[in-house]
Amino acid sequence: MNTAISGTTGGGASNSGQQTGDRQHHTAQQVITENVKFLIEQLEQGKSETLTAYLAAMARFHNYSFGNILSIAHHRPDATHVAGIRTWNELGRFVIKGQKGIPILAPLIGHKRQPGEPIKDTDEKQKPFVLGFRRVFVFDISQTEGADLPEPARVSGEVGLHRARLFEFVEQLGIVIEFNSRIAPAQGASYGGKIVLLPGQSEAEEFATLVHEVAHEMLHRAERRTMTTKTVRETEAEAIAFIVSRSVGLNTGSASADYISLYHGNTELLTESLSVIQQASATILNALFAEEQEDALAKAS
């Protein structure tokens, strides 16, 4: 899990220097489309590591929007902790001269009164809403210098408490977990409301297998099952297992670049699939790290 700054969404981001005058509105879909096209171009050139970088970014920045994750992975695939200039300065670090920012979208927030609400004393009743988005810039920790950051706790290849939290999350979804050696050589299988795991796996293998199978339960038991091939479904589940496993500190291999070829360069279908992967991964990770997030909010307040 990254330090709290990895979950920022552009607070304190800079528009200075290279960014001056770049205040036109951008849409999230524009950002997504541009970055997915870049991903396809890279893979068509045989640069399969680009996909791995995109999925790894989903693991590191799961609190970010889908479009912002793609932008970070595109412009700084090795980024680990990002924040705006102001946030870095508050942490005692400063952006190194000449470094280029990573563009993301930050929401423009407005407030409005409820219909029929009197004009006076409306401060507490005004509801925030998104007017649009503007382009801002964040910087990775490698682009800064200064005070050291406190090291977050890492799992270092062991599942730790995340195993129990994952089992609890699956049970909260109403899914029964069983162990049965009859599914061998498969390590896991999902049956719509029930997941069966092969006994005897290491905790790391079991964790990744369970994430893979719960991904099927979350994504592939309804309409999406009829809209995708078995190969696409398996690869989406494996991508989610990669993201979640990487995020809790497990050692993982490279993500399969064959996934992209399934879409034959179709940007729209690839975007939809990557978005589904990111949303499902974020849901699982938010459940796994709920206690840490609550502790961080309590300390901040």
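The values are calculated or read from the model by the stated rules, or taken from the named source; none is laboratory data. The shown structure was predicted, so the numbers you read here are calculated from the model rather than taken from an experiment. With ideal geometry, Cβ positions are generated from the backbone for all residues, glycine too; neighbour counts draw on all protein chains shown.
Observations on the structure shown:
- Boolean, GLY193 is on the phi > 0 side of the Ramachandran plot, touching a helix residue (DSSP H, G or I) at 6+ places or on another chain (Cβ under 8 Å) and of a type outside the set (Ser, Thr, Tyr): yes
- Condition met for ALA4 (closer than 24 Å to THR283 by Cα, surrounded by 19 or more Cβ atoms within 10 Å (Cβ to Cβ) and at pLDDT below 85): yes
- Residues of the stretch 253-301 that are at pLDDT 70 or above, farther than 19 Å from ILE69 by Cα and not charged (D, E, K, R): ASN266, ALA287, LEU288, ALA290.
- Any chance LEU43 is buried (at least 19 other Cβ atoms within 10 Å of the Cβ), under 18 Å from THR235 (Cβ atoms) and more than 16 Å from the chain's Cα centre (by Cα): yes
- Candidate set: the stretch 46-72, residues that are under 11 Å from the mean Cα position of the chain (by Cα) and of a type in the set (Gly, Ala, Ser); chosen: the one nearest to LEU270 (Cα to Cα): GLY67
Quick grid of which residues meet (1) closer than 17 Å to VAL211 by Cβ; (2) assigned by TED's automatic domain parsing to the domain that holds LEU219; (3) at pLDDT below 80:
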{"residue": "GLY110", "(1), (2), (3)": "no, no, yes"}
{"residue": "LYS125", "(1), (2), (3)": "no, no, yes"}
{"residue": "PHE137", "(1), (2), (3)": "no, no, no"}
{"residue": "SER190", "(1), (2), (3)": "yes, yes, no"}
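- Lone qualifier among ALA13, ALA57 - being in the same structural domain as VAL136 (by TED's automatic domain parsing), modelled with pLDDT of 80 or more and aliphatic (A, V, I, L, M): ALA57
- None of VAL159, VAL170 is farther than 30 Å from ILE96 by Cβ, part of a loop (DSSP other than H, G, I, E, B), within 22 Å of the chain's Cα centre (by Cα) and among the β-branched types (Val, Ile, Thr) except VAL159.
- Of the numbered criteria (1) closer than 22 Å to LEU288 by Cβ; (2) modelled with pLDDT under 80, the one GLU217 fails is (2).
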